[in-house]
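Okay, structure first, notes after.
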Amino acid sequence: MTASIGFRGPVSDQLGDLERRLARVGQDAHPVFGEAAAHLFGTPGKLLRPTLVFLSGRFGPNGDERVLVDLAESLELVHTASLVHDDIIDGAALRRNIATVNSKWSDDVALIVGDYLFAKAYALAAVLPKPEVIALVARTVFALCDGELAEITEEKRMPTEREYLERIELKTASLYAACCQGAALLADADPEVVARLGAFGTDFGLAFQITDDVLDLVGDAESFGKHLGQDLEQGMPTLPIIYAVDELDGDRGELSRRFIARDKGVGEILSLIDAVRSTNGVGRAQRRAVEFRDRALETLRGLPAIPEREALAEIAYFATDRAR
Ligand code: FPP
Ligand code: MG
């Protein structure tokens, strides 16, 4: 099986509902909220999180469509709010080839737009019929905040592989896990199925983020939608960089300092990209992503063999085989 976008097929109607709902976000509030939301949701992204919600909701007997759309919208808004805030922190001008809210309006506007989206996400979560799913949404936001704050405040040094994995589990994988687990809970799936879907979401998220970090170094900037070397520019040590430094600089000394330095010039970024590419760092990181993907696929094998299980397997392949 290869990467494909066919995984949306079984839930395309629900994704259509969700897109219509996202198009209405902020329309009844201050015009800038409506304009910013239209800007953010005008070019739909991969919609992986909602797709995971809708597919996972099919593994239980009571997958009420309206309730699942509420969860999908809530988690997509949490995700979008966190990116709007992250783009302020990073001073990013582009995301997915479109202007960020901070660059199109201002940091102050982006701050409040993020808050608004987050409040809207929580309003949707608050009316979900199961308190444990409301609590799961809240825990996911705590995890995102924990991951982001750790990244901002930590002493600048080259992390270990384990520290890196802990960070991406908080920042990325927790949200994918919440999509799968929350939907399965809402659908009254068996506890074993809920646990499997949660574990699938975590491993999928780890594979996805490691692949993202690889694409930052070796991707095609046009299709990736960000300029390459952004992590390097910000002094953000990712897995391929950690492996490269291990190989080139056993004592993690001088080279580590160059990698984690902020505000590098273009020449230094290109020289460091070359340094990483001269090692097995990228290949090792790709293999690590494939290990998490394969563990996700293994977890799926214990789920009922319905077409949605095949769609989840396709999403897992997409995590590692994509160009953007
Ligand atoms: C992107 O990571 C950032 C995140 C996934 C989480 C950001 C979280 C917050 C700002 C705190 C939570 C805030 C709210 C309102 C819920 P990245 O910088 O590694 O990825 P990128 O390259 O796509 O920017
Ligand atoms: Mg960022």
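Excluding same-chain neighbours fewer than eight residues apart, the lysines reachable from residue 130 by a Cα-Cα span under 27 Å are 120, 171. Taking the longest Cα principal axis of the chain as reference, the axis of helix 131-153 is set at about 10 degrees.
Evaluating 6.51 cos²θ - 1.76 cosθ + 1.60 at θ = phi - 60° for every residue in the stretch 17-34, the Karplus couplings come out as 4, 4, 4, 5, 5, 5, 5, 9, 4, x, 5, 9, 10, 3, x, 5, 5, x Hz, glycine and proline recorded as x. Label the chain by shape, choosing from rounded, prolate and oblate, from the square roots a ≥ b ≥ c of the eigenvalues of the Cα gyration tensor; if a/c is under 1.5 it is rounded, and otherwise prolate applies when a/b is larger than b/c, oblate when it is not. Oblate shape, in that a/c is at least 1.5 and b/c is the bigger or equal ratio.
One chain, two ends: residue 277 and residue 188. Fully extended at 0.36 nm per residue, the span grows by 27.3 nm beyond their Cα-Cα distance. By the helix-only formula, in which each DSSP H run with n ≥ 4 contributes -39500 (n - 2.57) and the sum is divided by residues, the chain has a 222 nm mean residue ellipticity of -22500 deg cm²/dmol. With contacts taken as Cα pairs under 8 Å and at least 6 residues apart, the chain reaches a relative contact order of 22 percent. Helix 266-277 and the long axis of the chain differ in direction by around 80°, with both axes built from C-alpha atoms. Note on residue 108 and residue 166: the extension gain reaches 17.8 nm, defined as 0.36 nm multiplied by sequence separation minus the Cα-Cα distance.
For residue 46, list the lysines whose Cα falls under 16 Å from its own Cα; do not include residues on the same chain fewer than 8 positions away. Counting by Cα, and skipping residues close in sequence, residue 46 has these lysines nearby: 226.
Along the stretch 315-324 the Karplus relation, 6.51 cos²θ - 1.76 cosθ + 1.60 evaluated at θ = phi - 60°, assigns HN-Hα couplings of 4, 4, 5, 4, 3, 9, 9, 8, 10, 9 Hz to successive residues, with x for each Gly and Pro.
Near residue 95, the amide H atoms lying under 5 Å from its own belong to 100; only residues 5 or more places off or on other chains count, and H is placed 1.01 Å from N.
For the chain, the longest principal axis of the Cα atoms and the long axis of helix 65-90 meet at an angle of about 20 degrees. Here is the result for the stretch 224-324: no chymotrypsin sites (Phe, Trp or Tyr not before Pro) lie in DSSP coil with at most 10 other C-beta atoms within 10 angstrom of their C-beta.
Heavy-atom surface analysis with a 1.4 Å probe gives the chain a carbon and sulfur content of 53 percent of its accessible area. For the chain, which longest stretch is free of loop sites, where a loop site is one of the GluC sites (Glu not before Pro) that DSSP puts outside H, G, I, E and B and that has at most 12 other Cβ atoms within 10 Å? Looking at the chain, 156-324 is the longest stretch - no exposed GluC sites (Glu not before Pro) with at most 12 other Cβ atoms within 10 Å. Derived scalar couplings between HN and Hα for the stretch 237-248 equal x, 10, 4, x, 6, 4, 5, 5, 5, 3, 6, 8 Hz in order, rounded to whole Hz, by the Karplus curve 6.51 cos²θ - 1.76 cosθ + 1.60 (θ = phi - 60°), x for Gly and Pro. Here the gap between residue 291 and residue 151, fully extended at 0.36 nm per residue and compared with their Cα-Cα distance, gives a gain of 47.9 nm.
The values are calculated or read from the model by the stated rules, or taken from the named source; none is laboratory data. Just so you know, these numbers come straight off a predicted model, no measurement behind them. Note that each Cβ is placed from the backbone with ideal geometry, even for glycine, and that neighbours are counted across all protein chains shown. Keep in mind that these areas ignore ligands, DNA and RNA; they rest on the heavy atoms of the full protein, side chains included. Shrake-Rupley method; radii C 1.70, N 1.55, O 1.52, S 1.80 Å.
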